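The values are calculated or read from the model by the stated rules, or taken from the named source; none is laboratory data. All figures in this text were calculated on a predicted structure; none of them were measured in a lab. No Cβ is skipped: glycine too gets one built from the backbone with ideal geometry, and neighbour counts run over all protein chains shown. Just so you know, the surface numbers come from the protein's heavy atoms only, side chains and all, with ligands and any DNA or RNA stripped out. Shrake-Rupley method; radii C 1.70, N 1.55, O 1.52, S 1.80 Å.
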Amino acid sequence: MNNVLKNFSETIKQDFEGEKQALLVLLVLLSIPFPYIVNSIAIAVLGLYTLIRLKTAQIRFQSYLLFPILLYVLMALSFWWSIDRSLTLPALSKELSLLLIPLFFWLFGGISQEKKATVLKYYSHCILIFALFYLSKATLRYFLTGNSDVFFYHELVTKDVNAIHVSVYMAVSFFWFLAKSTKKTFDYVAMAILLLMVLLLSSVNIIIAFFGLIIIYFLAFAKVSKQMRMKNLIVMTVLLLSLGFIGKIKDHLHREYETIMTNSTVNDVISKEKNSTFFNVSIKQAWTKDKFNENDFFPGTAFRVYQFRLFLEMLDEDAIFWKGYGLNASYPKIEAKGLIYNVFQGNASLEGYQKKNFHNQYIQNFAELGVFGFLLLIIIITLTLKKAIQSKDFTHFAFAFLMISLFLTESFLWRQRGVVYFTILYCLFNSGIPFQGPKTEQKL
């Protein structure tokens with residue numbers, strides 16, 4: 001056992017030789033699913049290392065790193081015009097990664113392409129271990145309780161860690177394995193496990209983006225013949241369509257379909273649980289209905305339409321176009337609208353709809369930071385997508401594509417784990433030594 005640990009330690013030392021900051025970046029990434037204090041300590045250690053080697057570091061201006069910093073500066077400035085400073089001030093500490101992590105990368109000069117690949121290799125393998133842990137824990141819970149729900153959504157990973165966030169971690173790691181130019185049996189097994197996790201976590205947005213990325217990979221990135229590309233495309237299309245027949249995913253898709261086609265369908269699952277009749281709010285009702293009631297349930301798409309409706313009303317009623325309400329200060333406005341529309345106000349065990357954020361990062365930025373906050377976010381995601389395309393690095397492209405898609409349905413950056421994950425991968429992919437020529441697939 002001691003020899004195994006010694007050999008592993010030597011391997012780590014050799015792999016990160018000359019760029020210890022790469023190892024610390026890896027530790028920050030791996031600490032994200034753990035309690036917040038663990039992640040905060042990992043970031044603090046990275047900051048301490050940056051300061052220690054400041055005298056010998058080759059500091060170079062990197063424009064990609066400037067925009068997350070500017071976004072944080074705008075957040076800090078919004079404190080002065082915030083409609084609720086008691087909400088803005090604590091949020092500034094939660095968003096501090098947007099300022100600190102780009103500064104760290106700036107000061108230690110980024111990470112070389114070789115070490116970036118090493119970080120992603122170790123990260124993807126470690127996420128695989130996380131996947132095995134979650135599946136093992138769910139299996140044990142199933143044998144103890146007999147409840148199959150333990151294999152799905154928040155039950156699989158806990159609501160605090162968040163199923164949607166974890167599905168992103170799993171997806172990015174999957175695409176690292178997929179993009180390897182030479183794959184062994186282990187790599188295919190790893191991909192199967194990560195694919196299973198993405199499906200079990202049941203985020204329809206991520207699942208659609210996930211299979212869309214697989215199709216893009218085989219059409220534009222993979223070094224295979226045209227015949228093989230078409231074969232892979234057909235297989236992926238059939239697999240994607242077959243998802244509509246899988247348990248929880250089938251139920252979710254059916255409910256979303258009903259909200260598009262029919263008003264006030266009965267939600268059988270919640271009605272059975274609560275011994276009362278609950279109705280699904282349709283997309284049309286979410287957009288037009290004047291009053292809701294306590295038994296109206298908003299499926300995912302309908303709820304986001306309702307939140308977009310609130311944003312447009314706020315934009316029309318309040319002077320938020322240029323400056324917004326202030327960081328995190330839109331909550332009182334959302335709550336007031338919830339009271340007007342009489343949405344479910346919550347109870348001892350469930351949070352009311354009026355307590356939830358916009359569930360859309362683009363709208364969240366606009367409502368709280370104004371048009372400049374919105375434009376900074378667009379610049380950030382456009383730049384990382386542009387560089388991913390230029391470098392032909394598929395893992396980077398997958399990250400950018402997933403973030404663009406995720407921001408449509410989640411206020412990802414308004415969660416500590418989300419902002420750390422996005423910022424450190426954004427910096428990892430975009431800073432440091434430029435790519436020396438095109439690179440289609442990883443060779444690790």
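For the reader, a short list of remarks on this structure follows.
- Relative compactness, region 1-64, computed as alpha-carbon Rg over 2.2 N^0.38 Å: 1.35
- Highest mean packing first, where packing is the average number of other Cβ atoms within 10 Å per residue, the peptides 212-222, 108-118, 76-86 line up as 108-118, 212-222, 76-86.
- Of the chymotrypsin sites (Phe, Trp or Tyr not before Pro) in region 295-403, the ones in a loop by DSSP (not H, G, I, E or B) with at most 14 other beta carbons within 10 Å are Phe321, Trp322.
- Of the trypsin sites (Lys or Arg not before Pro) found in region 124-184, the ones in coil according to DSSP and having at most 10 other Cβ atoms within 10 Å of their Cβ are Lys159, Lys184.
- Taken per residue, the accessible surface of region 64-157 reaches 44 Å², heavy atoms only and a 1.4 Å probe.
- Kyte-Doolittle mean at least 0.0 and Cα axial length at least 27 Å: DSSP H helices in the chain: 113-145, 361-391
- Dipole of the chain computed with +1 at Lys/Arg Cβ and -1 at Asp/Glu Cβ about the Cα centre; of Asn430, Thr118, Thr158, farthest Cα towards the positive end is Thr118.
- Computed over region 100-140, the percent of Cα pairs more than 14 Å apart is 65.
- Sequence-distant residues sharing a close amide H with Lys180 (under 5 Å, placed H): Gln442
- Shown here is the pair-distance distribution of the chain: with all Cα-Cα distances grouped in 20 Å bins from zero up to the longest one, the shares run 23, 56, 21, 1 percent.
- In percent, rounded to a whole number, the relative contact order of the chain is 22, using alpha-carbon pairs under 8 Å and six or more apart.
- The per residue volume of the convex hull around the alpha-carbon atoms of region 178-222 is 56 Å³.
- The portion of the accessible surface of the chain made up by carbon and sulfur, rounded to a whole percent, is 66 (1.4 Å probe; DNA, RNA and ligands excluded).
- Whole-number percent relative contact order across region 84-238, with pairs defined as alpha carbons under 8 Å at least 6 apart: 19 percent
- Long-range HN-HN contacts of Thr265 with modeled amide H, under 5 Å: Asn280
- Relative to the globular-protein estimate of 2.2 N^0.38 Å, the Cα radius of gyration of region 73-218 stands at 1.32.
- Area projected by the alpha carbon convex hull of region 268-388, averaged over all directions, nm²: 9.2 nm²
- For Val161, neighbours were defined as the other residues whose beta-carbon sits under 11 Å from its Cβ, and their charges (Lys and Arg +1, Asp and Glu -1) total +2.
- Quick note on region 328-439: its Rg to Rh ratio, both from C-alpha atoms and Rh being the Kirkwood radius, is 1.11.
- Fraction of C-alpha pairs exceeding 18 angstrom in region 279-335: 39 percent, rounded to a whole number.
- Cα shape, region 1-110, gyration tensor, a/c 1.5 rule: oblate
- Rounded to the nearest 20 debye, the dipole magnitude of the chain is 1380 debye, with +1 charges on Lys and Arg beta carbons, -1 on Asp and Glu beta carbons, and the Cα centre as origin.
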